[in-house]
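Engineer: Quick one: structure below, then a few questions.
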Amino acid sequence: MFASLVVKDDFFSNPNELVEVAKTCEYFCGGAQEGVELRGVTTRRNEVKGSWRGFRSPQIQNINKQLSDKVFSELFNKLTKNTYIRFFEYTVEAYFHYLPSACKFEENWKHTDDGCIFAGVVYLNKTPCKESGTMIFDAETKTTVDNRFNRLVFFDPTKIHSAQGSFGESVDDARLTLNLFVTKFNMQA
C-alpha cells in the first residue's frame with residue numbers, strides 16, 4: 001500500500017495554519033517532564049496516552065475538527081495520488097509535539113509505535129537546527145531524515161525510530177512536529 005519510508009517536501013498546502021494552531025494549544029508531558037516549567041508554562045500529565053519525551057497536545061481532532069478533517073484529507077489524497085479509490089476509511093491519531101533542548105537525547109528515545117499500521121511526522125519549525133530530524137533503524141542500517149519545514153516523513157512504525165535531537169525553549173522555537181499514528185486504513189481501488 002505504502003512504501004516503508006515516504007519523504008515528501010512542501011507537503012501541506014497551508015502549513016502556517018498548523019503552526020498557528022500548534023502555538024495556541026495546551027500541552028502535556030509524557031512523564032519524565034512532569035512539573036517542569038518552561039517559559040512560565042507548567043506542564044502536567046493528562047489523558048493523552050503513551051510515553052514520550054517533550055510535550056504533546058491533545059489530539060488535533062479535539063482541538064479543531066475542521067482543521068483535522070482538512071489535514072487528513074490532504075494527507076491521504078497526496079499519499080494515494082493517482083489511485084482510483086471506490087471505498088476509503090481510516091482512523092488517525094494526530095498530535096502536535098514539541099521537543100525543547102531541555103530534553104537531551106538519550107538512547108531510550110529509540111522506540112517502535114505499537115497499535116498503529118503507519119506513523120509519521122510533519123516538521124513545523126521554519127528554522128530547525130541541524131541534527132533534529134528523525135532516525136529510522138532497520139537491522140544494521142540507520143536512515144536519517146533531516147528536519148525541514150513542511151516535510152512529511154511517513155514510515156513503518158514497527159521499525160525502531162527516534163527524534164535525532166532537540167532545540168529551543170518553548171513551542172515557539174523548539175522542534176515542532178505534527179505526529180501521525182494511523183491505526184486503521186482500508187481502501188478499495
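Engineer: Give the range 114-153 a look and list any residue that's in contact with an Asp or Glu (Cβ under 7 Å, 6 or more places away or on another chain) and within 11 Å of Q164 (Cβ to Cβ), or say none.
Structural biologist: G133
Engineer: Does F149 meet the test of being of a type in the set (F, W, Y) and either part of a strand (DSSP E or B) or modelled with pLDDT of 95 or more (or both)?
Structural biologist: yes
Engineer: Got at least one residue in the range 118-132 being among the aromatic types (F, W, Y), in contact (Cβ under 8 Å) with a residue 12 or more places away in the chain and closer than 16 Å to P15 by Cα?
Structural biologist: Within the range 118-132, one or more residues are among the aromatic types (F, W, Y), in contact (Cβ under 8 Å) with a residue 12 or more places away in the chain and closer than 16 Å to P15 by Cα.
Engineer: Please go through the range 97-154 and give me each residue that is within 15 Å of the chain's Cα centre (by Cα) and either small (G, A, S) or more than 29 Å from I63 (Cβ to Cβ) (or both), ordered by number.
Structural biologist: A119, G120, S132, G133
Engineer: Taking only the range 110-145 into account, find how many residues are farther than 17 Å from D156 by Cα and not in a strand (DSSP E or B).
Structural biologist: 9
Engineer: Output yes when any residue across the range 46-69 is crowded, with 18+ Cβ neighbours inside 10 Å, among the acidic types (D, E), modelled with pLDDT of 65 or more and more than 24 Å from G165 (Cβ to Cβ), and no when none is.
Structural biologist: no
Engineer: Within the range 161-179, is even one residue of a type in the set (V, I, T), surrounded by 20 or more Cβ atoms within 10 Å (Cβ to Cβ) and modelled with pLDDT under 90?
Structural biologist: Checked against the condition, which is being of a type in the set (V, I, T), surrounded by 20 or more Cβ atoms within 10 Å (Cβ to Cβ) and modelled with pLDDT under 90, the range 161-179 yields no hits at all.
Engineer: Okay, moving on. Looking only at the range 7-24, which residues are surrounded by 14 or more Cβ atoms within 10 Å (Cβ to Cβ) and part of a loop (DSSP other than H, G, I, E, B)?
Structural biologist: Answer for the range 7-24, where residues must be surrounded by 14 or more Cβ atoms within 10 Å (Cβ to Cβ) and part of a loop (DSSP other than H, G, I, E, B): F11, F12, K23.
Engineer: Taking the stated definitions as given, is N125 in contact with a strand residue (DSSP E or B) (Cβ under 9 Å, 6 or more places away or on another chain) and more than 16 Å from L79 (Cβ to Cβ)?
Structural biologist: Answer is yes for this residue.
The values are calculated or read from the model by the stated rules, or taken from the named source; none is laboratory data. Every value quoted in this text rests on a predicted model; they were computed, and no experiment measured them. Note that each Cβ is placed from the backbone with ideal geometry, even for glycine, and that neighbours are counted across all protein chains shown.
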